[in-house]
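Notes to accompany the following structure.
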Amino acid sequence: MNDNSSRFTRRSVAIGGGIAVALGLAAVGVNAPRWFRAKTAYDDLLNKLIDRDAAATVGHAVIGSATLDTREVAADLRQRIGTRSLAEVAKEDLAQNRLIEARGWVLPQTVGLLCVVAAQPV
Amino acid sequence: MSAFIDARTVPAGTILEPDLAIFGGGPAGITLALALAHTPINVMLFESGGMDFDPATQALYAGSQAGVKYLPLDASRMRYLGGGTNHWGGWSRPLDAIDFEKRDWVAHSGWPFGIDTLKPYFSRAQSLCELGEWVYDAATPRMAALAPMLTLGDGGVYTSWFQFSKTRNDVLPTHFGARYADDLKKIPNLKLYLNANATSLKLNDGAAGLDSIGVATLSGRRFTVKPKTAVLAMGAVENARLMLVSNVGNQNDLVGRYFADHPIPRDTATLVSFAGDLAGYYFNAANFPTAQIRATLAPTDAFKRARKVLGSLTTIETPVEMDDLAKAAVVTAAEAVGADASNAKAFSIGCGLELEPDPERRFTLTHDRDALGLPRLKLTNRVSDSDFQRYRDTMKELGRQLLVAATGMIRLNYDTRAEWEAALDWGDHHLGTTRMHVDPKQGVVDADSKVHGLSNLFVAGSGVFPTYGASNPTLNLVALTLRLADHLKKLPR
């Protein structure tokens, strides 16, 4: 047995294992659990998104082609969505031809604006 | 069966006097000759080329261009018997009813008649183009039963169908020259001259009718044709050239104007199917089995009216890789509409667009001359920003419908004019230089394809289309030519 083996305490193995699991999850594209995210002023909106990282990527593309104030966008979204689900609002957007582009990708407007909020630095 | 006549053997100075002279042996000229077979009309057909490609004859087509980049004028046509069908891809679809209408959002739009006037001729045209059974949009239920279609939500874009001219093993679609040569030789009232180029139109003394047509060969022979009636069927570009050279039919400065083709910008959009693979009939011609058909996505007439767009025919082309943004957009959109996009695949989109008629998109004569001494043409080509924007609006509607159905989504790949122009290709569909209109101040030919102001000169082919639609022209010009044949049969001799 190697002398260094004594350094592998139960605590260090647990921490190392945790990191490995986190890296593994990241590698397969699973979002960090919500408790790993810092709170934001927009969590009531962002909680409607399943994949916030993907949404942030899309949001940056929306911002690239528009000038948007996040606070105003969030206020508008709260009014628009209310207590409804994102699916309901997206359906309404599509029915009313309210669309937005993220570097050419055509999305329901509300979804695109939620992505803009997701793209803001915490 | 009588052989074709080589015009190079006709003695110089000869005067030929048929009842009807047809100039041009492409799909229009050949259709007209076939349709007038076994009538009392003594017909002569004059084709510039021979039975096969000849570089010296083809070089007669060369010209120059300015503006939006177009195909070289000697590369977008074929100058031998069969004409444009010698490089035809076989894509066929009838014009839509709205294509004939005067549309208040499309300047200079409208035919002198509606699609019902052409309908009686479509069946025969379909047969001449060897397109199989007339199926087109009636194919949907059967094809959907064969393999699932890409479901679209209610809206302005629907799945339509192209049909394809017959392919024989590895031989491409019906080449009218090769296909109908033997039939033409069997027509007792037809003489067909090869290597015979029309070089001038001469009017009679009162300038109320055509007197004669000068003909020349590249070997130096020149002779004259004095027909009772003549039809120019040399293609939209050469018909206009001969009329400009001869200053015939151009009293209102319309000849050569309103030229159009179908722009085919490549990779205009990316379509994602959330379910992944799509049926083969989206990518290639499939057996119906009584016809070969391929799916296309087209705006409905109602959508064209409501959103003031023009015709377009969109095809799904090849798979493309998705970048990080594409993957993120797919995940986000699919989540929002409740779709499973774990197997999503992306495909490039191709299309053919209808252009708005534009009098400044035109051919003019230059001082440069061809081997026969005729002035060469210069094309001034233009595409308006609204032509691109209208197609973008249609694609955006398709994207909306895919999301409504939770089956997919769209990326619009081009936003700027520079992007559109960089991707432009063209259909080799020459349209509109001798447009049809009841008013001589708005059209070169009347509703019967007769040149305004002249009693006995007609124009055949897609050059008379006053508004273009998005459909490929061959089937439609053949139908229009069959209508012209009916008209010519009724003329007094």
query: Taking into account only those residues within segment B:404-429 that are within 14 Å of another protein chain (Cβ to nearest Cβ) and of a type in the set (D, E), which is surrounded by the fewest Cβ atoms within 10 Å (Cβ to Cβ)?
result: B:E419
query: Considering segment B:216-241 alone, what residues qualify as being in a helix (DSSP H, G or I) and surrounded by fewer than 24 Cβ atoms within 10 Å (Cβ to Cβ)?
result: B:V237
field: Segments classed as strands (runs of 3 or more DSSP E), wholly inside segment B:315-388, with at least 1 members that are without any contact (Cβ under 8 Å) to a residue 12 or more places away in the chain and more than 14 Å from chain A (Cβ to nearest Cβ)
entry: B:362-369
- prompt: Of all residues in segment B:300-314, which are away from chain A (no Cβ under 14 Å), among the aliphatic types (A, V, I, L, M) and surrounded by fewer than 22 Cβ atoms within 10 Å (Cβ to Cβ)?
  reply: B:A302
- prompt: Does B:A125 satisfy the criteria of being assigned to a helix (DSSP H, G or I), in contact (Cβ under 8 Å) with a residue 24 or more places away in the chain and under 21 Å from B:V464 (Cα atoms)?
  reply: yes
query: Residue check, B:P440 against (1) over 21 Å from B:G235 (Cβ atoms); (2) buried (at least 23 other Cβ atoms within 10 Å of the Cβ), all met but one. Which one?
result: (2)
task: For segment B:414-427, state whether one or more residues are in contact with a His (Cβ under 8 Å, 6 or more places away or on another chain) and outside any helix (DSSP H, G or I).
output: yes
task: Kindly provide the set of residues from segment B:243-260 that are surrounded by fewer than 24 Cβ atoms within 10 Å (Cβ to Cβ) and either within 14 Å of another protein chain (Cβ to nearest Cβ) or closer than 22 Å to B:L313 by Cβ (or both), ordered by number.
output: none
statement: When every residue in segment B:177-190 that is modelled with pLDDT of 95 or more and buried (at least 16 other Cβ atoms within 10 Å of the Cβ) is compared, the one farthest from the chain's Cα centre (by Cα) is B:N189
Number of the exception - B:A138 against (1) modelled with pLDDT under 95; (2) farther than 24 Å from B:Y468 by Cα; (3) assigned to a helix (DSSP H, G or I): (2)
statement: Exactly one of A:T83, A:T40, A:T67, A:T57 is more than 12 Å from chain B (Cβ to nearest Cβ), hydroxyl-bearing (S, T, Y) and within 18 Å of the chain's Cα centre (by Cα), and that one is A:T40
- prompt: Which pairs have Cβ atoms under 8 Å, sit 6 or more apart or on different chains, and link a residue in segment A:68-90 that is within 16 Å of A:L46 (Cβ to Cβ) to one that is outside any helix (DSSP H, G or I) and hydroxyl-bearing (S, T, Y)?
  reply: A:T70/A:Y42; A:A74/A:Y42
Those residues of segment A:94-122 which are over 19 Å from the mean Cα position of the chain (by Cα) and more than 9 Å from chain B (Cβ to nearest Cβ), in sequence order: A:Q96, A:R98
query: Only one of (1) modelled with pLDDT under 95; (2) closer than 21 Å to B:S273 by Cα is not met by A:R80, so which one is it?
result: (2)
- prompt: Any idea which of (1) in a strand (DSSP E or B); (2) in contact with a helix residue (DSSP H, G or I) (Cβ under 6 Å, 6 or more places away or on another chain) is the one A:E101 doesn't satisfy?
  reply: (2)
message: Being in contact with a strand residue (DSSP E or B) (Cβ under 7 Å, 6 or more places away or on another chain) and of a type in the set (K, R): is that true of B:K202 here?
response: yes
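Rundown of residues vs (1) surrounded by 23 or more Cβ atoms within 10 Å (Cβ to Cβ); (2) part of a helix (DSSP H, G or I); (3) in contact with a Lys or Arg (Cβ under 7 Å, 6 or more places away or on another chain); (4) not assigned by TED's automatic domain parsing to the domain that holds B:G90, yes/no style:
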site	(1), (2), (3), (4)
B:A447	no, no, no, no
B:S455	no, no, no, no
B:G463	yes, yes, no, no
B:P466	yes, no, yes, no
B:V478	yes, yes, no, no
B:H487	no, yes, no, no
B:P492	no, no, no, no
statement: Note: among B:L95, B:L45, just one is part of a strand (DSSP E or B), among the hydrophobic types (A, V, I, L, M, F, W, C) and crowded, with 22+ Cβ neighbours inside 10 Å, namely B:L45
message: Of all residues being in contact with an Asp or Glu (Cβ under 7 Å, 6 or more places away or on another chain) and over 30 Å from B:P357 (Cα atoms) in segment B:289-318, which is modelled with the highest pLDDT? Just the residue, please.
response: B:A291
Out of B:F113, B:F164, sole residue that is crowded, with 18+ Cβ neighbours inside 10 Å and farther than 25 Å from B:R390 by Cα: B:F164
query: In segment B:238-246, is there at least one residue being of a type in the set (S, T, Y), over 18 Å from B:T380 (Cα atoms) and within 22 Å of the chain's Cα centre (by Cα)?
result: no
- prompt: Would you call B:Q401 within 14 Å of another protein chain (Cβ to nearest Cβ), surrounded by fewer than 24 Cβ atoms within 10 Å (Cβ to Cβ) and in contact (Cβ under 8 Å) with a residue 60 or more places away in the chain?
  reply: yes
query: Taking into account only those residues within segment B:36-86 that are free of Cβ contacts under 8 Å to residues at least 60 places away in the same chain and in contact with a helix residue (DSSP H, G or I) (Cβ under 8 Å, 6 or more places away or on another chain), which is nearest to B:A21 (Cα to Cα)?
result: B:R79
field: Subset of segment B:254-271 [of a type in the set (S, T, Y) and closer than 18 Å to B:E421 by Cα]
entry: B:T268, B:T270
- prompt: Which members of segment B:448-477 meet the condition of being hydrophobic (A, V, I, L, M, F, W, C) and over 16 Å from B:D99 (Cβ atoms)?
  reply: B:V451, B:L454, B:L457, B:F458, B:V459, B:A460
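The values are calculated or read from the model by the stated rules, or taken from the named source; none is laboratory data. What you see is a predicted model, and the numbers here were worked out from it, not measured in a lab. FYI the Cβ positions are ideal-geometry reconstructions off the backbone, even for glycines, and counts take in every protein chain you see.
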